[in-house]
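The values are calculated or read from the model by the stated rules, or taken from the named source; none is laboratory data. The model shown is predicted, which means the values in this text are computed figures rather than measured ones. Backbone-built Cβ (ideal geometry, glycine too); neighbour counts: all protein chains shown. Ligands, DNA and RNA are stripped out before the accessible areas are found, and what is left, the full protein with its side chains, is counted by its heavy atoms. Shrake-Rupley method; radii C 1.70, N 1.55, O 1.52, S 1.80 Å.
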Amino acid sequence: IEQSKKMIDTFLEAGFNYFDTAHGYMEMRNEGTLKKCLTSRHPRESYILADKLSDGFFKKESQIRPLFEKQLKNCGVEYFDFYLMHAQNATNFEKYKKCRAYETAFELKKEGKIRHVGLSFHDKADVLEKILTEYPEVEFVQIQFNYADYEDPTVESRKCYDVCRKHGKPIIVMEPVKGGKLVNLP
């Protein structure tokens, strides 16, 4: 915890402010760690907090809102700046639709508990096209984006980027150094 406090303080002092978590991160301890190290120690307006609705933590619509409230409590905040439908792909998108996950998030936004609703994406560009066509209210997309994945046919970074631009969606970049693999160049 003390090391995390130092890291967060250094990050904020350097002018950065975006923190990303999910209920399952760090064996379900990450949200609580953020509460101890960030949200209970720094003014709410000094940071941007993103959390996610993860596939493994709900099976039906009625479970989403209680999970969300638990996430707020775990993080020690009254709202999330960004809330993402986590790791969207062709398979779990159908579950999110069936459970009305997007609709629930949009309702929470109207209630002031979410500032921006988006998604993190892990599939082909045609699936992203389908999601953004069916849910034009989505405000942003988090995609894998780095030079190794740009033309990779399994990731389709460039094509996913193009879909986001076509729909006018801002992009949050994940995997800019591909889990560290692009740091140690040959």
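Could you go through the range 125-139 and let me know if any residue there is closer than 25 Å to Val183 by Cα and not aromatic (Phe, Trp, Tyr). Steps first, please.
As a first pass, look at the range 125-139 and keep what is closer than 25 Å to Val183 by Cα: none.
No, there is no match, as no residue in the range 125-139 is closer than 25 Å to Val183 by Cα and not aromatic (Phe, Trp, Tyr).
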Against the condition of a type in the set (S, T, N, Q) and open to solvent by 70 Å² or more (accessible area, probe 1.4 Å), how does Thr33 come out, does it pass? no
Which is at pLDDT below 95 and more than 30 Å from Pro43 (Cα to Cα), of Ala148, Ala125? Ala148
Within the range 40-53, does at least one residue satisfy the condition of being of a type in the set (Ser, Thr, Tyr), part of a helix (DSSP H, G or I), open to solvent by 10 Å² or more (accessible area, probe 1.4 Å) and without any contact (Cβ under 8 Å) to a residue 24 or more places away in the chain? no
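The rows are residues; the columns are (1) of a type in the set (Val, Ile, Thr); (2) in contact (Cβ under 8 Å) with a residue 40 or more places away in the chain.
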{"site": "Gln88", "(1), (2)": "no, yes"}
{"site": "Arg100", "(1), (2)": "no, no"}
{"site": "Lys109", "(1), (2)": "no, no"}
{"site": "Val141", "(1), (2)": "yes, no"}
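Go through the range 54-67 and give me each residue that's of a type in the set (S, T, N, Q) and open to solvent by 20 Å² or more (accessible area, probe 1.4 Å). Please lay out each step first, then the result.
Keep residues of the range 54-67 that are of a type in the set (S, T, N, Q), which gives 54, 62-63.
Of everything in the range 54-67, those that are of a type in the set (S, T, N, Q) and open to solvent by 20 Å² or more (accessible area, probe 1.4 Å) turn out to be Ser62, Gln63.
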Met28 meets each of (1) at pLDDT below 95; (2) within 23 Å of Ile131 (Cα to Cα) with one exception, condition (2)
Taking the stated definitions as given, is Lys130 among the basic types (Lys, Arg) and under 27 Å from Met26 (Cβ atoms)? no
Taking the range 2-20, which residues are more than 15 Å from Pro43 (Cβ to Cβ) and open to solvent by 90 Å² or more (accessible area, probe 1.4 Å)? Glu2, Gln3, Lys6, Met7, Phe16
Leading residue by the ranking (most open to solvent (accessible area, probe 1.4 Å)) among those in the range 167-186 that are closer than 13 Å to Ser120 by Cβ and assigned to a loop (DSSP other than H, G, I, E, B): Glu175
